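All of the numbers you see were taken from the coordinates with simple rules; none came from a lab. Nothing here was measured: the structure is a model prediction, and the numbers come from that model. In this analysis, Cβ positions are derived from the backbone assuming ideal geometry, glycine residues included, and neighbour counts consider all displayed protein chains.
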Amino acid sequence: MPDDKQASRVKLSYRTIEKIQRTLLLTPGVLLYSVFNFIPLLMLFYLSLVDWPGIGPKEFVGLDNFAKVLTQPYYRDQMINALLQNVIFFTVIIGCFLIIGTGLALLLSFRTYGRKTYQVLFFLPYPMAGAAVAYLLDLFVHPRGPLNAALTQWGLADAPIPFLGSEDTSLITMALFYSWHRMGFAIILILSGILAVRTDLLEASMLDGASRWQSIRHVVFPVLGPAFILITVIVLVDVFNNADYILLIMGPEAGPLRSTDIMGTFLFRTAFGGSADTTDTNFGLAAAIGLLTALMILPAAIFLALRNLRKT
């Protein structure tokens, strides 16, 4: 019998043992993900098939909630407006992350005096609660806040600028709020990619006569592709599903005149109501909006993820 046991152990190759260990290690995480994510997603699909104000019996309506969002002008116009503004919101944020974040990460990668202190300062807002950040930044851009005081004192503005009170500036201001809060996350990811570049490659490019910018462009930037894609996917999923800054500062009506309305505020307003006179709330309709939002961002997320896998 001992010989048979030894023979069965010998038959298992190193690769087979590695696969078994990987499966055992991943199984608890997959089970937890299924319990806390996949099962609620199935319940969300069931909820999208009913008409339910949150209290009382549920009325099964099938796909009427999806038809209502896509065909009725009242809901369709709100969704189109929220979707377009969500795209603008995402574009401003990802532009700040990839341009400003890359620039700051490059500066931190140099042997700058006090760069560890700068890393802490850049990352400091990230762990802060969204409510605290929203409150601080609301005070900062207030007509009587420090930003307007500096602009008028330096002669850059004749009167205080209503950053959150104008339809032209409110959405961009909210996007900049988000960018400042999460910039440390982007800097850390990009900086880790920069530091992963082999030093001998940079030295070889310098010896070949390349300038610092040419070395960064042809040696560093190609390595940063996976970091850029990861940041894009994370930000894409987050800004299309969350609207905490806008809900905290502008409210569920996403003022002024819904100029800051995005998919998250549209969903919240449908489920819980907006202004005081709003009584038509429908959790089933809100669930349909959530599923439609997920379907909108799913192809982009899959495309970017597969592209990242092909390059790595």
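Data overview
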{"item": "The chain - charge dipole about Cα centre, Lys and Arg +1 at Cβ, Asp and Glu -1, debye rounded to 20", "result": "1460"}
{"item": "Built amide H within the under 5 Å cut-off of Val50, gap 5+", "result": "Val61"}
{"item": "Principal axis dimensions, largest first and in whole angstrom, of segment 27-153 by Cα", "result": "64, 50, 27"}
{"item": "Footprinting exposure proxy for Ile100, Ile249, Ile55 (fewest neighbouring C-beta atoms within 10 Å first)", "result": "Ile55, Ile100, Ile249"}
{"item": "Residue order, fewest to most surrounding Cβ atoms within 10 angstrom, among His181, His142, His218", "result": "His218, His142, His181"}
{"item": "Surface/4 estimate of mean projected area, convex hull on alpha-carbon atoms of segment 189-261, nm²", "result": "6.8"}
{"item": "GNM result for the chain, Cα springs below 10 Å: residue of Pro73, Pro162, Pro125 fluctuating most strongly", "result": "Pro73"}
{"item": "Per-residue HN-Hα couplings for segment 178-185 [Karplus 6.51, -1.76, 1.60; θ = phi - 60°; Hz; x = Gly/Pro]", "result": "4, 4, 5, 5, 9, 4, x, 4"}
{"item": "For segment 223-271 versus segment 137-164, the gap between their alpha-carbon centres in whole angstrom", "result": "25"}
{"item": "Mean Cβ count within 10 Å, highest first, over the residues of peptides 43-50, 91-98, 267-274", "result": "267-274, 91-98, 43-50"}
{"item": "Helix-only CD estimate at 222 nm, as mean residue ellipticity for the chain, using -39500 (n - 2.57) per DSSP H run (n ≥ 4)", "result": "-21000 deg cm²/dmol"}
{"item": "Footprinting exposure proxy for Ile187, Ile234, Ile99, Ile216 (fewest neighbouring C-beta atoms within 10 Å first)", "result": "Ile99, Ile234, Ile216, Ile187"}
{"item": "Answer label, with P(r) over Cα pairs in 20 Å bins from 0, in percent calculated from the coordinates and candidates (i) 35, 60, 5; (ii) 33, 48, 18, 1; (iii) 24, 47, 24, 5, 0", "result": "(iii)"}
{"item": "Convex hull volume per residue for segment 90-212, taking Cα atoms only, in Å³", "result": "157"}
